[in-house]
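*Asks:* Below are the structure tokens for one structure; questions will follow.
The values are calculated or read from the model by the stated rules, or taken from the named source; none is laboratory data. The model shown is predicted, which means the values in this text are computed figures rather than measured ones. Don't worry about glycine lacking a Cβ; one is built from the backbone with ideal geometry, like all the others, and counts go over all protein chains shown. Just the protein is used for accessible areas: all its heavy atoms, side chains included, with ligands, DNA and RNA removed. Shrake-Rupley method; radii C 1.70, N 1.55, O 1.52, S 1.80 Å.
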Amino acid sequence: MSAQRVAMRNIKECLRLKFEGGLSHEKIARALQLSKGVVSKYVTAANETGLEWPVLAALDEVALAAALLPTAKVRQTRGERVLPDLITIHRELRRKGVTLQLLWEEYVAAHPEQPTYRYTQFVEHYRRYASTLKRSMRQQHRAGEKLFIDYAGPTLPVIDPATGEISRAHIFVAALGASNYTYACATPGEAQVDWLTALGQAFSYFGGVSEMVVPDNPRALIAHPDRYEPGLNRAALECARHYDTVMLPARPRKPQDKAKAEVAVQIVERWIMARLRHQQFFSLHALNQAIAELLEDLNQRPFKKLDGCRREWFERLDQPVLRPLPQHPYEVVTFKRCKVNIDYHIEVNGGFYSVPSALARQSVDVRLSAHTVEILHGNRRVASHLRLQRRGAYSTQSEHMPASHKAHREWTPQRLLDWGERIGPHARQIVEYQLTHKPHPEMGYRACLGLLSLARQYGNARLEAAASRAVQLRALNGRTVRNLLKQGLDQQPLPKPATPAAQPSSHENVRGADYYTQEELFDDDPTHPEPAAPTAAERHGPSTGRAVDAAGQPQLELR
């Protein structure tokens, strides 16, 4: 004879007496007329589920049987449906891409010969079970309080019309907490400039600023991610200060802190990105125009379980209480740490910018925008430059230079020429010669400055006299002028120029130009034939007997 099956209400009462009443197994068995072994069996099964007593108490008898004995076959009467394994369903739903629709189809396929629940009853059983698990605090969002921002996981392709190269555009999403009013745009990436630029565009789209911005924990914004005291980087802090708001990132690995952003991303993926999947875009601007058109449709779609739409709720709740926008949009900047070189310049993105010379070899902070470069030392701005557009270029301000460098820089070619003109024409002639006979004018600066030092030592009058003598000697350099002044030759009268030499008298050995002209006339004169070639006797010579060549030169004989 088989053992009598224990009713589920008695099992539930057994667990209540144990976990809520704290009775011993013996007292429970005596009260419910069960054996101590049966009591121990169901108490042990309840402990193995890992569920607390309040959760077990909320289950109905069918769900409690499935929880306590998931591997046991539950007796079914004729027409009774197979109960799905709710614990397995809850665990499988944590996997990416798994839905209740998929699990219901697998449940039906696993019991082809047994009656199963339809999809609506399947979902109802699971939701009743899930409601008994750990509860999450429902967030209450006040109007205008929080703006949730995030990036969608999928990207959209953008084709370069010139090269055909395909780049991936990232989709930024922002949603207001109270009205769910949503903004989306495409950016080239997810760098710091992309986050902050898109955030400024979202504020412009909403027409106001929320009290708080809730991002995830991206490296582009968060310098020190922490559960309790996250640290923003300098650019994010400056952006929040510009818009008079607060940026409070969600806790790491806690997506429920930004559930609004998660839902908004999902809706943008379904109603905007999915609709654009068959279109081709050849610029980021064209893609953003298409997103803007679909965004208006998204914000005007009616809610399924609420009255109205996102735009109506935004106009009713968030828009009246948003803070006003600043007069100018935020200009995205980046910060970097640089060390000043010995020439009191720093290198930023290939360009060189001057700082006060007293900061040489010290570290400074650089605030870099699209048009300017600001240099900070001790939170105080010490220099500002327009951003250079060419690598290797220099931007040097005279007030940053030491006094000696500044004096040298002020000597220009025209200033040196004017200084020479004030001393005298010969001094100017030497200065001009030094500036024009060098590969570059600056190479003659030092020689000209040497002449200036001579003027301070000897005076302008003596310098002009020495310069005049140097010009006469055709030695237009500073060394000659210095030697003349040192030896006092500038104070002596200039030598008289040499008189031209007297022409020689007529002489028979002096040949003029006519002589050579007459010789040339004979070349073409037929009355003056060319001399005949020498005879053999002439070649050998009358007395030597040696052979001579055609020109009459003696030849060597080999013996």
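*Asks:* With the checklist (1) more than 19 Å from residue 279 (Cβ to Cβ); (2) open to solvent by 10 Å² or more (accessible area, probe 1.4 Å); (3) among the β-branched types (Val, Ile, Thr) in hand, flag the one item residue 149 doesn't pass.
*Replies:* Single failed check for residue 149: (2).
*Asks:* Let me confirm something: among 332, 268, 340, which residue is in contact with a Cys (Cβ under 8 Å, 6 or more places away or on another chain) and surrounded by 15 or more Cβ atoms within 10 Å (Cβ to Cβ)?
*Replies:* Result: 332 is the single residue among 332, 268, 340 that is in contact with a Cys (Cβ under 8 Å, 6 or more places away or on another chain) and surrounded by 15 or more Cβ atoms within 10 Å (Cβ to Cβ).
*Asks:* Within the stretch 343-353, does at least one residue satisfy the condition of being outside any strand (DSSP E or B) and under 20 Å from the mean Cα position of the chain (by Cα)?
*Replies:* Yes, the stretch 343-353 has at least one match.
*Asks:* Could you go through the stretch 238-261 and let me know if any residue there is more than 25 Å from the chain's Cα centre (by Cα), of a type in the set (A, V, I, L, M) and either modelled with pLDDT of 90 or more or open to solvent by less than 10 Å² (accessible area, probe 1.4 Å) (or both).
*Replies:* yes
*Asks:* Next question, about the same structure. Would you please name the residue that is farthest from residue 130 (Cα to Cα), looking only at residues in the stretch 16-67 that are open to solvent by 70 Å² or more (accessible area, probe 1.4 Å) and touching a Lys or Arg at 6+ places or on another chain (Cβ under 8 Å)?
*Replies:* Among them, the one singled out is 26.
*Asks:* List pairs: first residue in the stretch 383-401 and loosely packed, with under 15 Cβ neighbours inside 10 Å, second residue hydroxyl-bearing (Ser, Thr, Tyr) anywhere in the structure, Cβ distance under 6 angstrom, at least six positions apart or on different chains.
*Replies:* That search, which allows pairs on different chains as well, returns 397/354.
*Asks:* Would you check which residues across the stretch 259-295 are out of contact with any helix residue (DSSP H, G or I) (no Cβ under 9 Å at 6 or more places or on another chain), within 15 Å of residue 155 (Cβ to Cβ) and outside any helix (DSSP H, G or I) and list them?
*Replies:* Hits for the stretch 259-295 are 274, 277, 280.
*Asks:* Are any residues in the stretch 99-113 within 12 Å of residue 84 (Cβ to Cβ) and either assigned to a loop (DSSP other than H, G, I, E, B) or at pLDDT below 85 (or both), and if so, which ones?
*Replies:* 111
*Asks:* How many of the residues in the stretch 295-304 are modelled with pLDDT of 85 or more, open to solvent by less than 90 Å² (accessible area, probe 1.4 Å) and either under 30 Å from the mean Cα position of the chain (by Cα) or not aliphatic (A, V, I, L, M) (or both)?
*Replies:* Counting residues in the stretch 295-304 that are modelled with pLDDT of 85 or more, open to solvent by less than 90 Å² (accessible area, probe 1.4 Å) and either under 30 Å from the mean Cα position of the chain (by Cα) or not aliphatic (A, V, I, L, M) (or both) gives 5.
*Asks:* Are any of the residues in the stretch 201-214 under 20 Å from the mean Cα position of the chain (by Cα) and open to solvent by less than 40 Å² (accessible area, probe 1.4 Å)? Quick ask: steps written out before the conclusion?
*Replies:* Initial filter on the stretch 201-214 (under 20 Å from the mean Cα position of the chain (by Cα)): 201.
The next check asks that each one be open to solvent by less than 40 Å² (accessible area, probe 1.4 Å); those that pass are none.
No.
*Asks:* Let me ask something additional. Looking at (1) under 17 Å from residue 151 (Cβ atoms); (2) open to solvent by 10 Å² or more (accessible area, probe 1.4 Å); (3) modelled with pLDDT under 80, which is the one condition that is false for residue 218?
*Replies:* (3)
*Asks:* If residue 178 satisfies all but one of (1) within 19 Å of the chain's Cα centre (by Cα); (2) surrounded by fewer than 22 Cβ atoms within 10 Å (Cβ to Cβ), what's the number of the condition it fails?
*Replies:* (1)
*Asks:* Going through the stretch 438-497 one residue at a time, which ones are at pLDDT below 80, in a loop (DSSP other than H, G, I, E, B) and exposed (fewer than 13 other Cβ atoms within 10 Å of the Cβ)?
*Replies:* 439, 440, 492, 493, 494, 495, 496, 497
*Asks:* Tell me, which residue of the stretch 402-437 that is more than 30 Å from residue 474 (Cβ to Cβ) and surrounded by fewer than 11 Cβ atoms within 10 Å (Cβ to Cβ) is modelled with the highest pLDDT?
*Replies:* 403
*Asks:* Under 9 Å between Cβ atoms, which residue pairs at least 6 apart in sequence (or on different chains) link something in the stretch 350-371 that is farther than 29 Å from residue 236 by Cβ and open to solvent by less than 50 Å² (accessible area, probe 1.4 Å) with a partner that is assigned to a loop (DSSP other than H, G, I, E, B) and of a type in the set (Phe, Trp, Tyr)?
*Replies:* 354/344; 356/344; 357/344; 360/344
*Asks:* Here's a follow-up. Can you list residue pairs whose Cβ atoms sit under 8 Å apart, with the first residue in the stretch 234-254 being on the phi > 0 side of the Ramachandran plot and the second being open to solvent by less than 70 Å² (accessible area, probe 1.4 Å)? Count only pairs 6 or more apart in sequence or on different chains.
*Replies:* Here the result reads 244/209; 244/326, each pair linking the stretch 234-254 to a residue that is open to solvent by less than 70 Å² (accessible area, probe 1.4 Å).
*Asks:* Starting from residues that are under 35 Å from the mean Cα position of the chain (by Cα) and part of a strand (DSSP E or B), keep the ones in the stretch 305-336 and report whichever is modelled with the highest pLDDT.
*Replies:* 323
*Asks:* Something else about it: Among the strands (runs of 3 or more DSSP E) contained in the stretch 160-251, which hold 1 or more residues that are touching an Asp or Glu at 6+ places or on another chain (Cβ under 9 Å) and hydrophobic (A, V, I, L, M, F, W, C)?
*Replies:* Working: elements: 166-176, 182-187, 212-214, 222-224.
Hits in the stretch 160-251: 166-176, 212-214, 222-224.
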